[in-house]
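Readers should treat all values here as calculations from the given coordinates under stated rules, not as data from a laboratory. As the structure is a computational prediction, the values presented were derived from the model and not from experiment. Here the Cβ positions follow ideal geometry from the backbone for every residue, glycine too, while neighbour counts run over all protein chains shown.
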């Protein structure tokens with residue numbers, strides 16, 4: 001009896017699943033109920049105080065539903081998971097809908113933030129997302145499957161993501177152009 005308990009206790013490892021270093025650990029629950037999130041960057045920030053250094057972590061997150069809605073959030077906390085949770089909560093407030101037509105964007109746009117410039121061009125089916133890492137995160141969470149992009153100037157990931165959102169904010173559908181110009185297209 002004692003042997004059975006000892007052997008089952010070693011297999012269970014204190015209630016944890018997995019046990020090795022290769023991905024057999026516990027799976028975490030998604031932080032957001034409605035949106036998938038992607039961590040763009042995590043930065044360690046040190047504040048020098050009288051007793052030494054006080055460390056905290058800054059997280060920058062992009063979240064979306066892959067159906068035309070996407071947003072971003074940035075937050076700092078003393079621990080990485082708390083910073084990510086906080087960034088996701090802030091990001092949920094910035095989520096906005098953008099036009100996606102047949103898996104691509106309706107027309108070419110260019111967005112700027114600081115010295116970062118992002119140009120987005122619509123692409124035909126089968127092209128895929130030709131973009132850098134930061135722009136790809138935003139477009140994947142938006143639900144765009146075919147697009148061409150190019151980043152100019154600074155390649156700071158936070159500024160590139162904000163420039164991408166500036167570009168997306170300039171997108172208009174065919175119906176919006178018709179209403180704006182008063183002409184049938």
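Points to keep in mind about this one:
- Peptides 169-176, 70-77, 35-42 ordered by average Cβ neighbours within 10 Å, highest first: 70-77, 35-42, 169-176
- Report note on the peptides 106-118, 134-146, 154-166: ranked by the mean count of other C-beta atoms within 10 Å, highest first, their order is 134-146, 154-166, 106-118.
- Mean Cβ neighbour count within 10 Å, used as a protection proxy, ranking 91-97, 58-64 highest first: 58-64, 91-97
- Cα centroid separation, the stretch 123-171 to the stretch 50-74: 18 Å.
- Length-normalised contact order of the stretch 99-172 in % [C-alpha pairs under 8 Å, at least 6 apart]: 42 percent
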